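The values are calculated or read from the model by the stated rules, or taken from the named source; none is laboratory data. Everything numeric here is computed off the predicted structure, so don't read it as measured data. Cβ: placed from backbone, ideal geometry, glycine included. Neighbour counts: every protein chain shown. Accessible surface areas use protein heavy atoms only, side chains included; no ligands, DNA or RNA. Shrake-Rupley method; radii C 1.70, N 1.55, O 1.52, S 1.80 Å.
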Amino acid sequence: AANAASARAGGEINFSFDQVEVRTFVKVVGDITGRSFIVDDAVKGKVTVLTPQIPARAVYPLFIKILESIGCGVVEGEGVTRVVPFAARPNAGAPVVGVGDKTPVTLGLVTKVIRLKYTGAGDLRKILESMAGREKSGNVSSLDGTNHLIITDTPENLRRLEKMITEIDQPGSGTVYEVVRLTFVDAKEIAEQFTPVFARA
């Protein structure tokens with residue numbers, strides 16, 4: 001009720017959940033957004049979300065991304081939104097943790113929500129996509145409107161990506177970054193040659 005009132009006032013929402021049934025999760029989002037949902041009988045499971053306070057306008061886009069991370073999606077039409085399961089996916093059921101929360105030491109996949117301060121989420125997503133564990137169903141997506149990244153990957157790879165994000169998401173980071181995979185030369189050697197050039201720029 002407090003979240004719904006805050007949403008109507010255009011405030012921020014407490015969007016953290018601990019092992020709640022998907023149907024309960026959908027109902028809460030319905031109360032906050034005023035949307036009507038029909039949940040398919042095949043949609044089952046629980047959701048854990050640990051995220052900071054988010055703007056009311058970010059609730060529905062983040063809700064969609066979280067549903068995708070557990071193997072579900074939405075179909076909109078005729079004033080009602082249906083929540084339906086996708087085909088079986090290896091990363092279905094990945095727990096979701098928010099920025100500021102420690103990435104768990106566990107097996108399998110974890111979905112983490114990261115809010116960027118200085119770098120555009122869309123730009124950084126392009127850099128990180130090539131580094132996510134695609135062979136293990138890793139995935140990077142972005143909510144450009146609220147500047148959030150949503151990364152699904154193994155905890156080990158997530159921690160590696162978080163370190164990179166911390167280094168890049170700094171004041172004055174309007175610079176565009178691109179990752180280039182080298183085939184015939186050593187990356188360290190090339191970096192040593194280019195560093196003095198950029199230092200003089």
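Computed values, structure above
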| quantity | calculated |
| --- | --- |
| Exposure ranking of Lys126, Lys44 by accessible area [1.4 Å probe, largest first] | Lys44, Lys126 |
| Pairwise label distance in nanometres, Lys188 with Arg23, each label 7 Å out on the Cα-Cβ vector | 5.8 nm |
